[in-house]
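Please read the structure below before turning to the comments.
The values are calculated or read from the model by the stated rules, or taken from the named source; none is laboratory data. Fair warning: this is a prediction, and the values are worked out from it, not measured in the lab. Cβ: placed from backbone, ideal geometry, glycine included. Neighbour counts: every protein chain shown. What goes into the accessible areas is simple: the full protein's heavy atoms, side chains included, and nothing from ligands, DNA or RNA. Shrake-Rupley method; radii C 1.70, N 1.55, O 1.52, S 1.80 Å.
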Amino acid sequence: MAKKKSILDLYKMKENGEKAVWMVIYDSLFASYAEEAGMDMILCGDSMGMIVYGWQGTVPVTMDMSIAHCQGVRRGAPNTYLIGDMPFGAYHASVEDAVRNAVRFYKEADVDAIKLEGGVAVADKIEAIAKAGMVVFGHIGLTPQSSASMGGFKAQGRTTDSAKAVIEDAIAVWKAGARTLLLEGVPEEVCAYVHKMLPIPVYGIGAGADCDGQVLLAADALGMYKNFTPKFTKKYCDIGAIATHGMSDYIREVKEGAFPAPEHKYKISGDPADFQKLFDEMAPLFEG
Ligand code: KIV
């Protein structure tokens with residue numbers, strides 16, 4: 001079994017030009033498959049709001065939900081670098097809130113790092129969490145928690161004005177003490193520039209290939225989420241189709257009486273005649 005990575009390993013990977021691969025996963029079962037496959041990192045993301053809970057966005061996700069899901073992921077993947085995702089409202093009101101909630105992830109869910117969305121606007125929170133000794137992953141560009149103010153899930157940095165704001169956010173996150181940066185939904189040129197200029201690992205989702213690694217949602221990459229498919233995702237297999245197929249077979253077999261078959265049944269131990277005698281004796285008890 002591979003040794004669990006540390007933040008230093010992520011820096012070594014960057015130095016060696018080895019891409020880091022992470023996936024967004026919310027439960028123990030899929031986490032165990034990710035660990036078996038050799039995933040470098042797992043993000044227990046607040047996209048659980050859409051994928052697991054069926055909301056339109058990530059805003060309703062709470063700290064308690066995030067912690068419970070992170071705990072499941074940790075149990076399923078005890079040797080994989082785990083990032084807890086600070087949900088909306090967990091770090092917006094005050095620096096104290098930000099540190100207290102980051103500490104909860106560390107103490108209650110045994111995470112290796114926490115991620116929070118935003119640049120200049122949350123630099124004070126990043127700084128406080130980092131100063132408290134925790135590893136912070138920044139996340140800028142298309143930040144789903146603020147999609148309402150962006151007018152939807154829209155790529156950022158496509159104009160020079162917008163690219164300037166993304167670059168300013170990247171600098172603020174780095175200067176505040178984030179140890180890595182995730183860029184979401186930005187043109188490859190903008191990501192490549194930030195990657196070239198920053199000394200910390202820069203990862204991308206929908207940000208092109210010129211960075212230190214990639215993250216995808218398992219629900220997208222494994223073909224499970226049907227409501228919306230971002231342009232930047234790739235489907236590596238179709239678990240959704242396999243699941244629908246398996247479920248239809250199950251429904252049909254039960255209705256036809258083909259399931260359960262003899263091999264799925266427990267056998268009585270003892271003389272069948274004794275059981276018949278017992279059933280006959282107990283039958284009066286069922287009389288109304
Ligand atoms: O919650 C999430 O899935 C994320 C990814 C988009 C990186 O933050």
Residue within the range 42-52 that is among the aliphatic types (A, V, I, L, M), within 12 Å of the ligand (Cβ to nearest atom), within 15 Å of residue 22 (Cβ to Cβ) and in contact (Cβ under 8 Å) with a residue 60 or more places away in the chain present: yes
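Can you tell me how many residues in the range 142-172 are in a helix (DSSP H, G or I) and either within 23 Å of residue 217 (Cα to Cα) or among the polar types (S, T, N, Q) (or both)?
Keep residues of the range 142-172 that are in a helix (DSSP H, G or I), which gives 144-150, 160-172.
Next cut, either within 23 Å of residue 217 (Cα to Cα) or among the polar types (S, T, N, Q) (or both) only: 144-150, 160, 162, 166, 170.
The total comes to 11.
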Search result, residues across the range 33-66 that are farther than 20 Å from residue 222 by Cβ and surrounded by fewer than 20 Cβ atoms within 10 Å (Cβ to Cβ): 55, 56, 57, 59, 60, 62, 63, 64, 65
Residue match in the range 84-107 (condition: under 20 Å from residue 32 (Cβ atoms) and either of a type outside the set (Asp, Glu) or at pLDDT 95 or above (or both)): yes
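Would you check if there is a residue in the range 127-141 being assigned to a loop (DSSP other than H, G, I, E, B), of a type outside the set (Gly, Ala, Ser) and in contact with a strand residue (DSSP E or B) (Cβ under 7 Å, 6 or more places away or on another chain)?
Step one: list which residues in the range 127-141 are assigned to a loop (DSSP other than H, G, I, E, B), which gives 132-135.
Checking which are of a type outside the set (Gly, Ala, Ser) leaves us with 134-135.
Within this subset, residues satisfying the condition of being in contact with a strand residue (DSSP E or B) (Cβ under 7 Å, 6 or more places away or on another chain) are 134-135.
Taking every residue of the range 127-141 in turn, at least one turns out to be assigned to a loop (DSSP other than H, G, I, E, B), of a type outside the set (Gly, Ala, Ser) and in contact with a strand residue (DSSP E or B) (Cβ under 7 Å, 6 or more places away or on another chain).
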Of all residues making up the range 95-148, the number that are crowded, with 20+ Cβ neighbours inside 10 Å and polar (S, T, N, Q): 3
Index of the failed condition, residue 151 passing every other in (1) modelled with pLDDT under 95; (2) away from the ligand (no atom under 16 Å from the Cβ); (3) surrounded by 15 or more Cβ atoms within 10 Å (Cβ to Cβ): (3)
Within the range 179-207, considering residues that are in a strand (DSSP E or B), in contact (Cβ under 8 Å) with a residue 40 or more places away in the chain and open to solvent by less than 10 Å² (accessible area, probe 1.4 Å), the one nearest to residue 112 (Cα to Cα): 180
Where residue 85 falls short, out of the listed (1) farther than 23 Å from residue 140 by Cβ; (2) within 13 Å of the ligand (Cβ to nearest atom); (3) of a type outside the set (A, V, I, L, M); (4) buried (at least 24 other Cβ atoms within 10 Å of the Cβ): (1)
All positions within the range 1-41 that are within 16 Å of the ligand (Cβ to nearest atom) and farther than 18 Å from residue 183 by Cβ: 25, 26, 27, 30, 31, 34, 39
